[in-house]
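J.: Here's a structure for you.
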Amino acid sequence: MLLDFNSEKPIYIQLAEAIEDDILKGIFEEETQIISTTEISVNFKINPATAGKGINLLVDEGILYKKRGVGMFVSTGAKQKILTKRKESFYREFIMSLLEEASKLNISKEEIITMIERSSKNEQN
Amino acid sequence: MSKIEIKGITKEYGTTKALDNINLTIEPNKIYGLLGRNGAGKTTLLNLMTNKLFPNSGEITLDGQTVFENDKALGRIFYMMEKNLYPLGLKVKEIFQWTKEYYPSFDTKYANELSARFGLDVNKKIKALSTGYSSIFKAIAALASNADIIIFDEPILGLDANHRDMFYKELIANYSEKPKTMIISTHLIEEVAEVLEEVIIIDKGKLIRKESVEQLLTTAYAVSGEASKVDEYINGKKVIGAETMGKFKSVVVLEDIHKKNDMLAKELNLEFAKAELQKLFISLTNS
């Protein structure tokens, strides 16, 4: 888990994304406990309210849940939820801007597909 | 609850106004940064809050009760002063005992534990402590006080990087274990920025800002890239802290972060970053 204190992205959002990354990578598995808000705030020297805000984002989305008196756990289906969410934002952030730029440069959809196929062939070689 | 209300506080030294009509509410259980340049009135404000000084006018209350000459209210506030007012001939462990007289919930075991962790010899006399260890000793007394409100005036004076890191971590752990109001008055803004929930900025005796760090940081952003392109971007905008290195330039734009022009930045090949609290502070108090 890494936070970038120079990034314009607020720390609590970075924290939520970092936890999601760790869930995707399998560092935090479903139905297992993640590190506590206190551990997070002490380790990164961030205000506990900031850490709590990041955790709460994930609780609101059903990715984490709280077991009273025990701590925070990864929900069943969390990985799938994150993947779905990330695919949506992949579409918005990458595909849409790709198409925008392509239309500026008069690149057709067919040409884009050819380019993608060419790059995946290059990867295989 | 431990809400501090500062109402219309003015403090004059002769003809100079050290504090000029300060109105401020300090909500319970938050970590505050009290920021201001030298002579801005930070320590005066802290001294007034802890009854070490009397104001010319105004009132300070803790949960509705005045703090002036009120031992009950004052017993809930621990003030780690920058100046050392402890009897120099006493040993650290004797001061711990003495502190427990005034603050009955002082945790001696925790104080000894922290002393061991920071390498502070509790058998040493106060006058034998170096600047760094004098700060460590006072910070430990403050953290172990278990008071509802803990005020730190320049807590990391003379501390090396390692001890500063330990101090911030312990402060957060202490707060997490038992939430309380913490007020940190410091010059080293950048390293404490993420620890704070809110900042109180005073300048020349006047309160100029009281808001969350997050909120304050949305009022500006940094932009960098090729100097002429940066100049093109910032044309007509209010900027501070320009730094140039060869053809590279970086500036802080004083504009709502939501108004930044992504399209133009992309076109000009510029990069955005977060404005540093320190730089914002300098621009707010530089007049």
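The values are calculated or read from the model by the stated rules, or taken from the named source; none is laboratory data. Only a predicted model underlies this, so the values are computations on that prediction, with no experimental measurement involved. Cβ: placed from backbone, ideal geometry, glycine included. Neighbour counts: every protein chain shown. Accessible surface areas use protein heavy atoms only, side chains included; no ligands, DNA or RNA. Shrake-Rupley method; radii C 1.70, N 1.55, O 1.52, S 1.80 Å.
J.: Quick one: ranking B:Thr244, B:Thr99, B:Thr25 by accessible area, 1.4 Å probe, largest first, what do you get?
T.: B:Thr244, B:Thr25, B:Thr99
J.: Could you put A:Lys109, B:Lys52 in order of accessible surface area, largest first, with the 1.4 Å probe and the full protein assembly present?
T.: The ranking, largest first, comes out as A:Lys109, B:Lys52.
J.: Which entries of B:Lys42/B:Lys206; B:Lys206/B:Lys249; A:Lys66/B:Lys178; B:Lys30/B:Lys91 have Cα-Cα distances beyond 22 Å here?
T.: The answer is B:Lys206/B:Lys249; B:Lys30/B:Lys91.
J.: Dividing the Cα radius of gyration by the Kirkwood radius, what Rg/Rh value follows for segment A:79-124?
T.: 1.10
J.: Accessible area per residue for segment A:54-125 in Å², computed with a 1.4 Å probe and the full protein assembly in place, what is it?
T.: 78 Å²
J.: Assign one of three labels to segment B:186-252, namely rounded, prolate or oblate, based on the Cα gyration tensor with a ≥ b ≥ c the square roots of its eigenvalues; rounded applies when a/c is under 1.5, prolate when it is not and a/b is larger than b/c, and oblate otherwise.
T.: prolate
J.: Then there is this: Could you estimate the translational diffusion coefficient of the protein assembly as shown from the Stokes-Einstein equation, with Rh from the Kirkwood formula over C-alpha pairs, at 4 °C and 1.567 mPa s, in whole µm²/s?
T.: The Stokes-Einstein estimate is 53 µm²/s.
J.: With every protein chain left in place and a probe of 1.4 Å, what is the accessible surface of B:Thr285, to the nearest 10 Å²?
T.: Looks like 0 Å² after rounding.
J.: I would also like to ask the following. What's the Kirkwood radius of segment B:218-284 in Å, using all Cα pairs?
T.: 11.7 Å
J.: Can you tell me the 0 to 90 degree angle between the C-alpha axis of helix A:11-24 and the longest principal axis of chain A, rounded to 10?
T.: 80 degrees
J.: Specify the angular offset, from 0 to 90 degrees and rounded to the nearest 10, of the alpha carbon long axis of helix B:108-118 from the longest principal axis of the alpha carbons in chain B.
T.: The helix B:108-118 is inclined about 50 degrees to chain B.
J.: Quick one, can you get me the convex hull of the C-alpha atoms of segment B:4-216 expressed as volume per residue in Å³?
T.: 120 Å³
J.: Less than 11 Å Cβ to Cβ from B:Pro87, Lys/Arg counted +1 and Asp/Glu -1: what total charge do the surrounding residues give?
T.: Taking every Cβ under 11 Å from that of B:Pro87, the sum is +2.
J.: Something else: Tell me the accessible surface of B:Arg37 in square angstrom (1.4 angstrom probe, heavy atoms of protein chains only), to the nearest ten.
T.: Its accessible surface works out to 120 Å², give or take rounding.
J.: Same structure, new question: So what is the calculated 222 nm ellipticity per residue for chain A, using -39500 (n - 2.57) for each DSSP H run with n of 4 or more, over all residues, to the nearest 500 deg cm²/dmol?
T.: Taken over chain A, the calculation gives -18000 deg cm²/dmol.
J.: Would you please state the base-10 log of I(q)/I(0) at q = 0.11, 0.12, 0.25 1/Å for segment B:21-91, with intensities from the Debye formula using one equal scatterer on every alpha carbon?
T.: Values, matching the q order: -0.32, -0.38, -1.43.
J.: Let me ask another. Starting from a Cα-only point model with no solvent, please compute log10 I(q)/I(0) by Debye for chain A at q = 0.18 1/Å.
T.: Once normalised to I(0) and log-transformed, intensities are -0.95.
J.: Quantify how strongly other chains surround peptide A:49-59 by giving the mean number of their Cβ atoms within 10 Å of each of its Cβ atoms.
T.: Mean number of neighbouring Cβ atoms from other chains: 2.
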